[in-house]
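A short write-up of the structure that comes next.
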Amino acid sequence: MLLNTVFKTTGAYVLLMLRVFRRPEKLKVYTKALMREIDLLGLDSVAIVSIISIFVGAVVTIQTALNLEDPLIPDYYIAIATRESIILEFSPTMVSLILAGKVGSNIASTLGTMRVSEQIDALEVMGVNSASYLIMPKIVASMLYNPFLIVISMFLGILGGYIAGNLTGMVAPVDYVLGIQLGFKSYYIAYSLTKTVVFAFLITSIASYAGYTVQGGAVEVGVASTRAVVSASVAIIVANYLLTQLLLG
Amino acid sequence: MIEVRELRKSFGAQEVLKGISANFEPGKANLIIGQSGSGKTVFLKSLLGLYPIDSGSILFDERDLDALDRKERQSVRQEMGMVFQYSALFDSLTVEENVMFPLNMFTEQTLGEKKDRVDFCLKRVNLEGVNAKFPAELSGGMKKRVAIARAIALNPRYLFCDEPNSGLDPRTAVVIDNLIKEIAEEFNITTVINTHDMNSVMEIGDHIVLLKDGLKAWEGSRHDIFHTEQPDIVDFVFTSELFKTIRKANRAE
């Protein structure tokens, strides 16, 4: 029974994605929609991502410093640990999970409301491919914009660690900067951004599927919104493992 | 003209439409009436292609939607306008952007031409000075007018209305009914209106189809209603004392 539901849902999701990536009716209208989505889904998330990144960077630095009390371990190791934690895991994965909550619920509830108030039917009656018009700009916008958000998050996370290390006196600025530069592998940035793009696709497409296929009323829109966040989060965690195995393993 | 032949539609084991045939002519107000659950909405959504039909055919000026490829079907769809029960205006767009939406999507007009067309459509539904407002700032009657303006923006050949005056006060309801009828006549549009409002039936019903349990139970004009003895239509229309009195008066003439 459960397996049946999984197959049915996956099949419906794939069919919806095939409709989403059909050739747009009018590129100009889609480009405008893309710009609107970048504004709604991307720019709107800068503040929350920035605040979380600064404080998590600070906390990672303090916790690492507290756990590396051995005087034989140089202080710049704290900065290395902070850098690796932020670049490899926190920024791409944790920020994507936060975005799954913020952006995913927004997309699912918007599309769900459009479905129950017949706005999607109105598009279909006009001859517009509603799946493509409503979903494609969201997916493309987040795949384009999320890497920028993640780069901002990486920078601010590392900056947060620098500030915390300096304020608490746990890491001297010169040691922190040395640690950040020491043994830096640029491939980790590529790995991190690759994950981000995949997560962006998962968040928007899963949330769009949940919202677009709502049947019923306000209660079902709420359920779809929750389902979108849970499903996108699980998908991110699973994809994170697979991508790490694939790209770093 | 829309010709419906032996239209059947089921959801699982439940057969909702059991072989309905009807012709809807242009320039007339064609009304679909019936009790809740009689299959009116499924019938209308099947005409619109929102529900795939099980069997039968729907011909739009001799073009069968099911026999057309995707591109041709999209092109026929662009000849359709629809006024939804709750207007279905796009919340995030202003009145002007709502009416301009189909023009943006399917025409190569300049911005000036599109604005002219929007102004014409809004003026035609007696709505001016609201271009910059959002749907949430409009009354129910105004939303319906905007929905009609959006529906006629592309000069449709077919106009569908689902309960166009539900939730409106009686005076506004009559205005909306007459507006739809006037537009259908003026632009020779084939109009199909779903309603269970008896005032609409009496006011604009040029051609009325009564659905009951997924079948066509009666067909005629609003003038025929007063003289028919068909029990389904008599039961459905003349339930209130007011309509019974009107019927008596009409039959006495």
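Please treat every number below as a calculation from the coordinates, not as lab data. Quantities reported herein were computed from a predicted structural model and do not represent experimental measurements. Note: ideal-geometry Cβ built from the backbone for every residue, glycine included; neighbour counts use all protein chains shown.
Quick one: net charge around A:A12, please, counting Lys, Arg +1 and Asp, Glu -1 for every other residue with C-beta under 15 Å from its C-beta. List each step's numbers first, then the result.
Working: positive: A:K8, A:R19, A:R115, A:R227; negative: none.
With Lys, Arg at +1 and Asp, Glu at -1, the neighbours total +4.
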Using only the Cα atoms of chain B, build the gyration tensor, take square roots of its eigenvalues as a ≥ b ≥ c, and label the shape rounded, prolate or oblate: rounded if a/c is under 1.5, else prolate if a/b is larger than b/c, else oblate.
oblate
Over the Cα atoms of the protein assembly as shown, compute the convex hull volume and normalise it per residue, giving Å³.
187
Starting from the Cα of A:K32, draw a straight line to each of the lysines and keep only those under 21 Å, dropping any in the same chain fewer than 8 residues away.
A:K138, B:K114, B:K115, B:K133
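How much mean residue ellipticity at 222 nm does chain A get from its helices, if each DSSP H run of length 4 or more adds -39500 (n - 2.57) and you divide by all residues, to the nearest 500 deg cm²/dmol? Don't skip to the end; give the middle numbers.
Working: 10 runs with 196 residues, N = 249.
Mean residue ellipticity at 222 nm (helix-derived): -27000 deg cm²/dmol.
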What is the sum of charges around B:D232, taking Lys and Arg as +1, Asp and Glu as -1, for the other residues whose C-beta is under 13 Å from the C-beta of B:D232?
-2
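Do you know the relative contact order of chain A, to the nearest whole percent, from alpha carbon pairs under 8 angstrom that are 6+ apart?
On the way: 314 pairs, mean separation 83.9, N = 249.
The value is 34 percent.
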Could you work out how far apart the two model spin labels at A:L43 and B:D119 are, taking each label as a point 7 Å from the Cα in the direction of the beta carbon, and quote it in nm?
3.0
Extending each Cα 7 Å along its Cβ direction at A:E220 and A:K32, get the distance between those two points in nm, one decimal.
3.1
Using only the alpha-carbon atoms, how far is helix A:2-20 inclined from the longest principal axis of chain A? Give it as 0 to 90 degrees, nearest 10.
80
For chain A, modelled as a Gaussian network with Cα springs under 10 Å, which listed residue fluctuates most, A:T93, A:T204, A:T64?
A:T64
Place +1 on the Cβ of every Lys and Arg and -1 on the Cβ of every Asp and Glu in segment A:30-247, take the dipole about the Cα centre, and give the residue among A:A224, A:M126, A:L111 whose Cα lies farthest towards its positive end.
A:M126
I need the calculated FRET efficiency for the pair B:E128 and A:V238, taking r as the beta carbon distance and R₀ as 51 Å, to the nearest 0.05.
0.35
State whether segment A:30-247 is rounded, prolate or oblate according to the following rule on the C-alpha gyration tensor (a ≥ b ≥ c being the square roots of its eigenvalues): a/c under 1.5 gives rounded; otherwise a/b larger than b/c gives prolate, and the remaining case gives oblate.
prolate
Roughly how big is the protein assembly as shown's charge dipole about its Cα centre, with Cβ charges of +1 (Lys, Arg) and -1 (Asp, Glu), in debye to the nearest 20?
480
What percent antiparallel are the DSSP beta bridges of the protein assembly as shown, to the nearest 5?
55
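Filter the GluC sites (Glu not before Pro) in segment B:1-78 to those in DSSP coil with at most 12 other Cβ atoms within 10 Å of their Cβ, and list the result. Kindly include the intermediate steps, with their values, before the conclusion.
Values: sites: B:E3, B:E6, B:E15, B:E62, B:E72; in loops: B:E62.
Qualifying residues, ordered by number: B:E62.
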Could you work out the relative contact order of segment A:112-229, using alpha carbon pairs under 8 angstrom and six or more residues apart, expressed as a whole percent?
43
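With +1 on each Lys and Arg Cβ and -1 on each Asp and Glu Cβ, how big is the dipole of segment B:50-103 about its Cα centre, in debye rounded to the nearest 20? Each step should come with its number before you reach the end.
On the way: 5 positive and 11 negative charges, 20 e Å.
So the dipole magnitude of segment B:50-103 works out to roughly 100 debye.
Explain nothing, just the number: relative contact order of chain B, from Cα pairs under 8 Å at least 6 residues apart, as a whole percent. The partial results should precede the final answer.
Working: 455 pairs, mean separation 69.2, N = 253.
Taking the mean separation of contacting Cα pairs over the length of chain B, I get 27 percent.
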With a 10 Å cut-off between alpha carbons and a GNM built on chain A, which of A:M17, A:M170, A:M126 moves the most?
A:M126
Listed residue (B:L159, A:Y241, B:F11) projecting farthest to the positive dipole end of the protein assembly as shown, Cβ model:
A:Y241
Among B:S139, B:T110, B:L122, whose Cα lies farthest out toward the positive end of the dipole of segment B:93-155, if unit charges sit on the beta carbon of Lys, Arg (+1) and Asp, Glu (-1)?
B:S139
Shielding of B:98-105 by other chains, given as the mean Cβ count within 10 Å, works out to 3
Checking the a/c ratio against 1.5 first, then a/b against b/c, what shape does the Cα gyration tensor give for segment A:193-249?
prolate
For chain B, what is the mean residue ellipticity at 222 nm derived from helices alone (per DSSP H run of n ≥ 4: -39500 (n - 2.57); sum divided by total residues; nearest 500 deg cm²/dmol)?
-12000 deg cm²/dmol
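When the dipole is taken about the Cα centre of segment A:30-247, and only Lys, Arg (+1) and Asp, Glu (-1) are charged at their Cβ, what size is it in debye, to the nearest 20? Walk me through the numbers on the way to the answer.
Numbers: 9 positive and 13 negative charges, 72 e Å.
I would put it at about 340 debye.
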